[in-house]
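The next block holds one structure in the form of structure tokens; read it before the comments.
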Amino acid sequence: MHASWLVWPLFGALMLQGADRFESSNLLERLHPRASAWRAEHRLIDLHQHIDSTPEHLARAVAILDLAGIGVGVNLSGGTVTSDSGKPSVFQQRKELADRLFPGRFLHYMNLDYGAWDHPDFADQAVAQIEEGHRLGAAGLKEFKRLGLYLRDQSGELIAIDDARLDPVWQRCGELSMPVSIHVADPVAFWLPYNQRNERWTELKDHPKWWFGDPKVFPPHEELLAALERVIVRHPGTTFVCVHFANNPEDLDWVEDQLDRHPNMMADLAARIPEIGRKNPERVRELFLKHQDRLLFATDFQVYDRLTLGSGGSGPPPTNDQAQDFFMKHWQWMETQDRDFEHMTPIQGDWTISGIDLPENVLRKIYFDNARELLSASLPPRLLQAHHLSEDFDLSGRLDHPAWERTPVTWLDQQSLSGEVRAEAATQVKALWSEHYLYVGFRAPFETLHVYDPPNMEGERIGLWERDVVEMFLGTEPEQAHRYKEFQVAPTGERLDLALELPHRDFSWYSGWLTAVHVDETKGQWTTEMKIPITAVADAPGAPRPGPGIRWPVNFYRMDTSRKGFMAWNPTRHGSFHRPERFGWLEFRE
Ligand SMILES: [Zn+2]
């Protein structure tokens, strides 16, 4: 968290310097301005990385991701949850270290231990591994291309991708909302003759184990894909992220058809833009637009003793600058119409790629919104910083006091139950504090307002939340999560506050708060300001008072009833908003 703040100004400086220096190519200016802003805010999520969990390698990864504008890296190499003689498992150690050194920057997928494959109770034991991984915070399960190609049972037979002994594993992942990232097969060229005429020769000669062209040893490419398809069909409740552009980037028609058929299938882009980028960009763009909800930004960025940028070989180790270039090529391909430029992983082959110039709404889905929905059970709780005010001010309802400009914004834009992102209703939330008051502002775009007419401006209407409102649930003590206050304001100015000590609700409680609302019909947005006496919220004996670094549990919500928006800042993944275990944090700053 802190590292990213330090690097922020550097990022800006680099952008400017880069724009100066490369005026002839002016790539930075041609990137999508909104996407550049998302990168400045570190909103991107890379769904496919492999990071060695040591302090040095994590720090190197974070430095590179900060400059690239990626906030969260999903480390698919979390390791197994097998523990020897009571010691923490590899998974536990890796996750613990990354969470401690760089909280919120990495999610970890677990890997399966096949050691007991030949035991009759393997399936039960494997399900127990998944449950243990879930308990330890695994965001998903990653399966490497070893199924069907490398893993063998004690009689020497390859373990098939669709072996029935694995069915309970896929099943349990679905029940626990753990997506499965699965790699099967490899580039088609790895099944073609092993010689210099193979178009992937540069890569293959450095990785002879990646050649699968001997039919006496390996199944055909299409059989591996067919086996995976059978698994996907058998487990409709499990989401399968088929990595490397659905494991078959050579055949866009096949990928399109698979995505059409299987709603529980997604595809990541990891290390395959060089392949899909050499195809007709109009055709690729059309596929991306059609399946914009099912594609995920991912790179196969790897940090071990050396960096790997999509793939690697025996050449000199890539530098951090080359890593920036690697990410920049991704932006260039997604965001521009540039034709025939060098791709990001030269070892994969000697050809060029052409950009697909995606529109903004699709870019944000692929860069982060699809991942936020997919990972809504495991992304870390969000945090809103409230900056300090030396002087109180009167509310206008318009969020036009200069102090609002100086405090950071956060976005309330996910369906509370599913985590689905509603970009069209994305609502800004900001907070400020003084010695006596907490100020909270909402800026909410709308299409049609649905409110009580006439509003009840005298008393309080129980049921206000059945029409359009913005809401805040705010506690003070993390250990007393079931004790919090609720505040609701409607576009009419009608409002409601109450105190909760679950399961009890006290509607007679009154905070003595001030509120103001402004509806701008032309802009299609309504704004709200709340000014809440701090003593009303911190009313328990010994409740922590605001001060720099203090965090209070909080969640924000919005009912946008005409668009069926039942939105939460931190999705509760439940029909009720009253899930304090899913609250995020309000952090008081200087
Ligand atoms: Zn990978």
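Just so you know, all these numbers are worked out from the coordinates, no wet-lab data involved. Only a predicted model underlies this, so the values are computations on that prediction, with no experimental measurement involved. Note that each Cβ is placed from the backbone with ideal geometry, even for glycine, and that neighbours are counted across all protein chains shown.
Here are the numbers:
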{"quantity": "Residues of type aspartates and glutamates that LYS290 reaches as a straight line, Cα spacing below 14 Å, ignoring anything fewer than 8 places off in the same chain", "calculated": "ASP253, GLU256, ASP257, ASP260, GLU282"}
{"quantity": "Highest-first arrangement of 217-226, 129-138, where packing means the average Cβ count within 10 Å", "calculated": "129-138, 217-226"}
{"quantity": "Order by protection proxy (mean Cβ within 10 Å, highest first), peptides 487-493, 95-101, 433-439, 505-511", "calculated": "487-493, 433-439, 95-101, 505-511"}
{"quantity": "The chain: antiparallel DSSP beta bridges as a percent of all, rounded to 5", "calculated": "70"}
{"quantity": "Cα gyration tensor, the range 383-588 - rounded (a/c under 1.5), prolate or oblate", "calculated": "rounded"}
{"quantity": "Peptides ranked, highest mean first, by Cβ atoms within 10 Å: ranges 237-246, 255-264", "calculated": "237-246, 255-264"}
{"quantity": "Rounded, prolate or oblate (a/c below 1.5 giving rounded, otherwise prolate when a/b exceeds b/c) for the range 414-496 by Cα gyration tensor", "calculated": "oblate"}
{"quantity": "Sequence-distant lysines (8 or more away, or on other chains) whose Cα lies within less than 18 Å of LYS209", "calculated": "LYS145"}
{"quantity": "The chain shape via C-alpha gyration tensor axes, a/c threshold 1.5", "calculated": "prolate"}
{"quantity": "Spatial separation of Cα centroids for the range 119-159 and the range 376-403, in angstrom", "calculated": "46"}
{"quantity": "Long pairs among LYS95/LYS142; LYS531/LYS564; LYS142/LYS216, criterion Cα-Cα beyond 22 Å", "calculated": "LYS531/LYS564; LYS142/LYS216"}
{"quantity": "Aspartates and glutamates with Cα under 13 Å of LYS365, excluding same-chain neighbours fewer than 8 positions away", "calculated": "ASP46, ASP268, ASP293, GLU373, ASP413, GLU420, GLU424"}
{"quantity": "Loop-located trypsin sites (Lys or Arg not before Pro) in the range 195-256, at most 14 other Cβ atoms within 10 Å (DSSP)", "calculated": "ARG197, LYS216"}
{"quantity": "Structure-based [θ]222 nm, the chain - -39500 (n - 2.57) summed over DSSP H runs of at least 4, per residue, nearest 500", "calculated": "-8000 deg cm²/dmol"}
{"quantity": "Cα centroid separation, the range 284-341 to the range 543-590 (Å)", "calculated": "35"}
